[in-house]
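The values are calculated or read from the model by the stated rules, or taken from the named source; none is laboratory data. Quick caveat, the model's predicted, so the values are computed rather than measured. Note: ideal-geometry Cβ built from the backbone for every residue, glycine included; neighbour counts use all protein chains shown. The area values use the complete protein model at the heavy-atom level, side chains included, leaving out ligands, DNA and RNA. Shrake-Rupley method; radii C 1.70, N 1.55, O 1.52, S 1.80 Å.
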Amino acid sequence: MKKTKWLAVVLASVMLLTAAGCGTNANQAVNAGAAAGKEIVLAYSDGGQTMDPAEANDLTSDTLVLAAYDQLITYGVKKANGADIANTEELKPMLAKEWKVSDDQKTYTFTLQDNAKFQSGNPVNAQAVVWSLDHVKNSKSGSFLYGMAEIESCTAKDDKTVEIKLSQPNHLFLQIIAMYTFSIIDPAVVKDKGADYLKNNEAGSGPYKVEKWDPATEAVFTANPNYWQGAAKISKVTMKFIKEASNRVTLLDKGDADMAIEIPAQNVADLKKNANLTVRSDASNRILYLAFNTKVKPFDNPKVRQAISYAIPYDKLVHDVMYDQAKQMKSAVASNTPGFTDAGFVYKYDLDKAKQLLKEAGYENGFSFDFTLGSGFQDWQDDAVLIQAELAKIGVKMNIQNMARAQFLEAQKTHNLTAYISKWTSFVNDPGYHLGFLLYGKGTSNYGNYQNAQVDKLWEQANVEPDQAKRNELYKQAQQIITTDAPWVYLYEYNRVVGMNKNLKGYVFYPDEIIRFYSLSK
Amino acid sequence: MIRYVLKRLLYAIPGVLGIILITFILSRVLPGDPAVMIAGEQAPPDVIENIRISMGLKDPLYLQFFHYIRQLGSGNLGTAWHTGHLVAQDFATRFPATLELTLVSMFIAVCFAIPVGVISATRKNSAVDHVSRVLSLLGAAIPIFWLGLVLIYIFYAKLGWSPAPMGRIGQDINPPTHLTGLYILDSLLTGDMVALKESISHIILPAICLSTGTIAIVARMVRSSMLEVIGLDYVRTARAKGLPERIVIYKHALVNALIPTLTILGLQFGYLIGGAVITETIFSWPGVGSYITESILATDYAPIQGFTLVSAILYMLINLSVDLIYGLIDPRIRYE
């Protein structure tokens with residue numbers, strides 16, 4: 001009796017639910033076949049955190065932003081060794097069709113495109129630009145770039161003209177304004193939907209509409225048919241978020257993904273054997289260095305730092321750890337950056353020279369020091385162990401202390417670590433930006449406390465020098481002094497490895513490592 | 001019985017409060033600064049400081065705790081900054097994925113482990129027993145990440161029997177209409193055969209991967225408690241009165257041997273719901289496990305606290321249900 005009662009209840013609820021679901025079967029009509037047009041699937045690692053241009057600061061979020069938004073100006077593209085790479089020195093019109101600079105280099109006047117429209121149908125006008133810049137100014141993450149651009153005011157002169165005044169001449173201004181952070185947002189949409197709308201939705205004028213974004217699984221984009229520069233050639237782009245690197249490689253290998261990023265260096269050789277795939281491995285601006293705290297003994301002595309630079313197995317690091325998907329670093333500035341020079345780089349693997357320098361510094365019997373290793377990157381660990389073994393040969397004992405990534409970032413900011421490995425990619429491909437953060441005396445990321453009055457003076461001089469050639473000359477002098485001073489051991493510059501299907505065309509490498517979907521075709 | 005349930009629930013309250021306090025303090029005392037993660041590596045200190053102030057991270061700890069409790073009191077678990085969603089909203093989308101995976105893997109484990117346990121007990125020291133013992137040992141010893149990758153390599157990359165390890169459903173297939181969030185159940189209820197086939201084919205590998213540990217434990221448990229029971233008088237009596245061996249084993253012995261197994265299953269269930277992190281990561285399964293790992297890496301306090309709270313409550317409810325099921329299986333157990 002009891003059992004029959006239960007059965008009746010269960011049956012009734014099943015019937016109720018079935019009735020509720022009737023006619024709403026999600027796959028009755030749709031799954032007959034793929035929609036018309038060209039579609040691609042990209043395998044990414046992380047799911048991203050926000051779609052708000054001013055708050056985005058991870059690779060996936062930046063990619064979402066660049067698909068949905070346009071900026072005032074953008075970077076040019078050049079051919080190098082038959083491949084397309086961004087030319088960050090050349091700035092091209094985007095939403096601004098032209099711009100003028102005043103003689104005192106402090107006022108920029110941008111004229112907007114006549115035909116540019118947001119995806120909502122609203123025209124891209126001067127008010128939208130003013131609103132968008134204001135949005136960056138008030139943001140959490142992007143506000144420091146606003147400060148760095150030294151924007152004093154931004155006003156709409158008329159519907160299509162924007163005037164931006166700087167507090168002082170700034171050669172980085174145009175470079176910064178071309179970044180995804182300064183995307184132009186449709187203020188009407190935000191006013192309508194509320195301030196939080198931008199976190200999970202877009203309100204741009206860009207080539208793709210975001211159909212779906214779920215950081216746990218995928219992001220789906222469809223081409224904006226009314227894009228003012230003409231609709232994109234790929235009609236649907238799906239980004240799949242796949243944490244496990246070996247799975248990204250397998251998906252690409254099997255043809256289930258048309259493109260995969262963040263491919264482990266050890267898989268590159270195997271993937272290259274697959275005739276259906278192209279593997280692009282471009283020298284990126286991501287540098288890896290071992291930094292010393294120059295305020296702490298014995299690293300306050302340049303001779304000690306130089307000695308260690310002579311004890312590094314440079315070839316092993318590039319070849320054995322990175323499987324040649326990296327290149328030896330020879331300046332504090334990445335070799336792709338305009339104004340780079342390797343002058344002063346005399347270091348090579350030479351233990352005798354290292355011992356001699358230690359002796360000159362008064363450390364003939366060696367010393368021991370604490371080295372902090374942040375987690376999250378296998379190659380850092382391999383590098384640290386190799387370096388530890390080499391240093392032992394010159395009597396230097398390196399105590400490796402492991403730390404989780406979040407803790408490491410926090411510890412770094414205390415300026416108290418004795419020695420550590422760190423990576424860096426400058427958002428703006430310019431030695432002024434780069435050195436200003438990392439090795440300028442007051443640089444906010446100068447965690448090794450490097451101080452050199454000469455370097456500081458050169459950097460300050462360059463900062464106000466309007467002529468690029470002269471500016472680069474000053475940066476070159478600064479680089480040479482730094483390299484000789486050796487506050488860092490230069491390890492390597494990573495390659496950006498992207499695997500893709502042979503028939504996928506139009507991939508352009510950008511130093512910020514963000515892929516722009518608009519140029520892709522199939 | 002109702003009195004017993006109420007009493008148990010009442011006793012759980014101090015436990016839950018303790019968990020809230022400990023998680024809150026731990027997540028704040030351990031190093032790692034959310035403001036640094038939000039601002040990004042290249043942000044200068046003043047920007048980071050402003051974020052700290054705006055997030056209330058500069059307030060004294062007791063004040064932060066007070067705000068948190070007040071917020072919880074209004075039924076709000078907070079907002080996860082790293083997804084931009086309310087924590088409750090994130091759980092609502094992620095939790096069904098984990099629950100479905102756990103249920104299917106428990107189902108596989110039970111279907112496999114109980115017969116194996118029974119057979120190795122009834123044929124003690126036979127070849128079957130030895131093989132099952134070795135397999136159990138392997139099941140408990142094989143690291144899940146390794147097994148997951150091997151399964152993917154064999155069944156997806158080499159044989160092509162399994163779909164790409166990209167979540168719960170294939171490319172260009174719509175998830176079934178949302179009723180419970182469990183894709184298999186939803187597809188059945190809406191008669192969506194396309195989605196049913198897809199969801200089953202996607203869940204098989206991760207569920208097998210996740211079930212191995214449970215199979216190993218449960219099979220050993222069933223074997224040992226069966227061995228204990230088989231020697232008892234009532235089993236001899238059942239045999240003596242001429243019942244077929246099948247009935248003796250499955251109806252008389254097994255039911256009595258199930259109690260300790262049930263305890264283990266309950267614990268395993270609670271554990272899997274919160275701990276399928278590795279399986280979820282390897283199979284890109286969009287569940288709470290991978291969500292919580294991301295939150296920890298991003299030092300995102302709200303989801304970490306919310307998840308600990310929710311899983312503590314779940315664990316407690318599962319244990320309570322297991323205790324109640326004892327009463328159903330063994331009429332001698334009474335709840336006063």
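Amide H to amide H distances under 5 Å link A:Arg516 with A:Val508, where only residues 5 or more positions off or on other chains count and H is placed in the peptide plane.
Rounded to the nearest 20 debye, the dipole magnitude of chain B is 1580 debye, with +1 charges on Lys and Arg beta carbons, -1 on Asp and Glu beta carbons, and the Cα centre as origin.
Place a +1 charge on the Cβ of each Lys and Arg in the stretch A:33-151 and a -1 charge on the Cβ of each Asp and Glu, then give the dipole magnitude about the Cα centre in debye, rounded to the nearest 20. Could the numbers behind the result be given before it?
On the way: 10 positive and 16 negative charges, 53 e Å.
Once rounded to the nearest 20, the dipole reads 260 debye.
From the square roots a ≥ b ≥ c of the eigenvalues of the alpha-carbon gyration tensor of chain A, which class results: rounded (a/c under 1.5), prolate (a/b over b/c), or oblate?
On the way: a/c = 2.03, a/b = 1.35, b/c = 1.51.
Note, shape of chain A comes out oblate.
Projecting the Cα atoms of B:Leu137, B:Tyr62, B:Trp81 onto the charge dipole of the stretch B:30-160 (Cβ charges, centred on the Cα centre) puts B:Leu137 farthest toward the positive pole.
Using only Cα atoms, what is the ratio of the radius of gyration of the stretch A:357-500 to 2.2 N^0.38 Å?
Numbers: Rg = 17.4 Å, N = 144, 2.2 N^0.38 = 14.5 Å.
Taking N as the residue count of the stretch A:357-500, the ratio is 1.19.
A simple rule links phi to the HN-Hα coupling: the Karplus curve 6.51 cos²θ - 1.76 cosθ + 1.60 with θ = phi - 60°, which for the stretch A:501-510 gives 5, 3, 7, 8, 10, x, 6, 10, 7, 10 Hz, with x for Gly and Pro.
Per residue, the accessible area of chain A comes to 41 Å² when a 1.4 Å probe rolls over the protein heavy atoms. For the set B:Trp161, A:Trp99, B:Trp285, solvent exposure ranked by accessible area (probe 1.4 Å, protein chains only) runs largest to smallest as B:Trp161, A:Trp99, B:Trp285. Answer with one residue from A:Asn463, A:Gln480, A:Tyr492: the one whose Cα lies farthest towards the positive end of the charge dipole of the stretch A:456-498, charges on Cβ with Lys, Arg +1 and Asp, Glu -1. Going by the charge dipole, the pick is A:Tyr492. Solvent-accessible area lost on pairing A with B (1.4 Å probe, both sides summed) amounts to about 4400 Å².
Carbon-plus-sulfur accessible fraction, chain A (probe radius 1.4 Å, protein heavy atoms only): 50%.
Here the 3J(HN,Hα) profile of the stretch B:280-287, calculated from phi with Karplus coefficients 6.51, -1.76 and 1.60 at θ = phi - 60°, is 4, 5, 5, 9, 6, 7, x, x Hz, Gly and Pro shown as x. Ranking of A:Thr294, B:Thr79 by solvent-accessible surface, largest first: B:Thr79, A:Thr294 (1.4 Å probe, protein heavy atoms only, all chains present). Working note: Debye formula, equal point scatterers on the alpha-carbon atoms of the stretch A:175-254, no solvent; log10 I(q)/I(0) at q = 0.12 Å⁻¹ is -0.49.
Give me D for the stretch A:215-344 in µm² s⁻¹, whole number, from Stokes-Einstein with Rh from the Kirkwood sum over alpha-carbon pairs, 20 °C and 1.002 mPa s. Here the translational diffusion coefficient equals 113 µm²/s. Computed from backbone phi with θ = phi - 60° and the Karplus coefficients 6.51, -1.76 and 1.60, the 3J(HN,Hα) list for the stretch A:493-498 is 10, 5, 8, 8, 9, 10 Hz; x is used for glycine and proline. Overall, the anisotropy analysis places the stretch B:265-336 in the oblate class: the square-rooted eigenvalues a ≥ b ≥ c of its C-alpha gyration tensor yield a/c not less than 1.5, with a/b not exceeding b/c.
Using a probe of 1.4 Å on the protein chains alone, the accessible area found for B:Lys158 is around 130 Å². In plain terms, if you count all Cα to Cα distances in chain B and split them into 10 Å steps from zero, the share in each step is 5, 19, 25, 25, 17, 6, 2, 1, 0 percent.
Size of the dipole of chain A about the Cα centre, Lys and Arg at +1 and Asp and Glu at -1 on the beta carbon, nothing else charged, in debye to 20?
Charge dipole, chain A, about its Cα centre: 1140 debye, nearest 20.
Working from Cα pairs under 8 Å separated by at least six residues, relative contact order for the stretch A:188-313 is 11 percent. Our note on the geometry: Cα centres of the stretch A:394-427 and the stretch A:79-146, 37 Å apart.
Peptide B:166-177 shows a mean partner chain C-beta count of 6 within 10 Å per residue C-beta. Among the DSSP helices (H) of chain B, those spanning at least 15 angstrom by Cα along their long axis with an average Kyte-Doolittle hydropathy of 0.5 or more are B:2-29, B:87-122, B:127-141, B:193-230, B:255-275, B:301-329; this is a geometric and hydropathy rule only.
Longer than 22 Å from Cα to Cα, which of A:Lys38/B:Lys197; A:Lys97/A:Lys165; A:Lys297/A:Lys327; A:Lys297/A:Lys397; A:Lys79/A:Lys100; A:Lys297/A:Lys359 are they? Say none if no pair is. Don't jump to the answer; show the numbers that get you there.
Working: A:Lys38/B:Lys197 26 Å; A:Lys97/A:Lys165 19 Å; A:Lys297/A:Lys327 31 Å; A:Lys297/A:Lys397 14 Å; A:Lys79/A:Lys100 28 Å; A:Lys297/A:Lys359 15 Å.
Going by Cα-Cα distance, A:Lys38/B:Lys197; A:Lys297/A:Lys327; A:Lys79/A:Lys100 fall outside the 22 Å limit.
The amide H of A:Leu277, built 1.01 Å from its N in the peptide plane, has A:Lys502 as neighbours under 5 Å, considering only residues 5 or more places off or on other chains.
The Cα atoms of the stretch B:1-108 give a gyration tensor whose axes a ≥ b ≥ c have a/c of 1.5 or more with a/b no greater than b/c, which makes the shape oblate.
Can you give me the Kirkwood hydrodynamic radius for the stretch A:300-387, using every pair of distinct Cα atoms, in Å to one decimal? Working shown, then result.
Working: mean 1/r = 0.0680 Å⁻¹.
Evaluated over the stretch A:300-387, this radius sits at 14.7 Å.
Put simply, the amide H of A:Ala326, placed in the peptide plane, has neighbours under 5 Å in A:Asn495, leaving out anything fewer than 5 places away on its chain.
Comparing A:Val101, A:Met239, A:Asn201 along the charge dipole axis of the stretch A:98-253, the residue lying farthest to the positive side is A:Met239, per the Cβ-charge model.
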